[in-house]
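The values are calculated or read from the model by the stated rules, or taken from the named source; none is laboratory data. Because the structure is a prediction, the values reported are computed rather than measured. With ideal geometry, Cβ positions are generated from the backbone for all residues, glycine too; neighbour counts draw on all protein chains shown.
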Amino acid sequence: MSDDATGQHRVVSHLARLLEVRNMSLVQLAALSGITVANLSVLKNGRARAIRFSTLTAVCDVLQCQPGDLLEVLATPGPDVGDDRAGR
């Protein structure tokens with residue numbers, strides 16, 4: 001299962017940062033990509049549970065980036081340093 005113990009996924013979107021660096025608004029990205037502002041907003045604000053490859057491709061084409069620039073999978077929390085069960 002890819003969700004953590006709280007039911008939250010570990011994939012984070014860096015769309016806000018990419019837009020800021022490019023001095024581009026969500027509305028501009030929507031117009032250039034053909035993706036609705038509502039769908040881009042969900043992605044930008046971290047509320048997306050899934051993304052279509054066609055959406056990912058369109059956003060990356062407009063922003064001239066790779067999927068890894070847009071999305072990141074956070075590491076799973078490791079065992080506590082003082083936990084004597086670590087390494088077993």
#### Entry: Scope the range 7-25; condition under 13 Å from N45 (Cα atoms), touching a residue at least 40 places away in the same chain (Cβ under 8 Å) and surrounded by fewer than 14 Cβ atoms within 10 Å (Cβ to Cβ); matching residues
V12
### Query
In the range 46-71, which residues are under 13 Å from L18 (Cα atoms) and either surrounded by 11 or more Cβ atoms within 10 Å (Cβ to Cβ) or in contact with a Leu (Cβ under 9 Å, 6 or more places away or on another chain) (or both)?
V59, C60, D61, V62, L63, C65, P67, D69, L70, L71
### Task
Within the range 1-44, count every residue that is at pLDDT 95 or above and part of a loop (DSSP other than H, G, I, E, B).
8
### Subset tally (residues that are touching a helix residue (DSSP H, G or I) at 6+ places or on another chain (Cβ under 7 Å) and of a type in the set (A, V, I, L, M)) for the range 11-39
11
